[in-house]
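*Asks:* Handing you a structure now.
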Amino acid sequence: MSSMGTALRNSGMSLVLTNTPAVWTMHATSALSWLMGSMKGPVEFTSQDFRMWYLTQGGGVDPPNLNAWGAFWHSVQAQGIIEHTGRYRKTRFPQSHSRIVGLYRKP
């Protein structure tokens, strides 16, 4: 990605997180941190896997703007809560039409 493209992406993600309720971001971060702490051994997962867990078992709700999920994921990766494995797989969710998504793990 060009440096201009990267700058625009980062600016957009920052804007989305700025306009996302802080309580949502703190709850999602806390839930992800708890989940990482409870994992035993090497477990790979996608952002969609976490979202589905968060909505069904983690006590969370979707943010007002769904773009916040991508911004959140980049944020927790930058914070070192998760790390990209360098691997990818097709999504498990039919509504995502088999797109390719990154695999992550706890550091």
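*Asks:* Restricting to Cα pairs below 8 Å that are 6+ residues apart, what does the relative contact order work out to for the chain? Please round to a whole percent.
*Replies:* Relative contact order here is 30 percent.
*Asks:* Can you pull the three principal axis extents for the Cα set of the chain, in Å, largest first?
*Replies:* 39, 31, 29
Just so you know, all these numbers are worked out from the coordinates, no wet-lab data involved. As the structure is a prediction and not an experimental result, all values here were calculated from the model.
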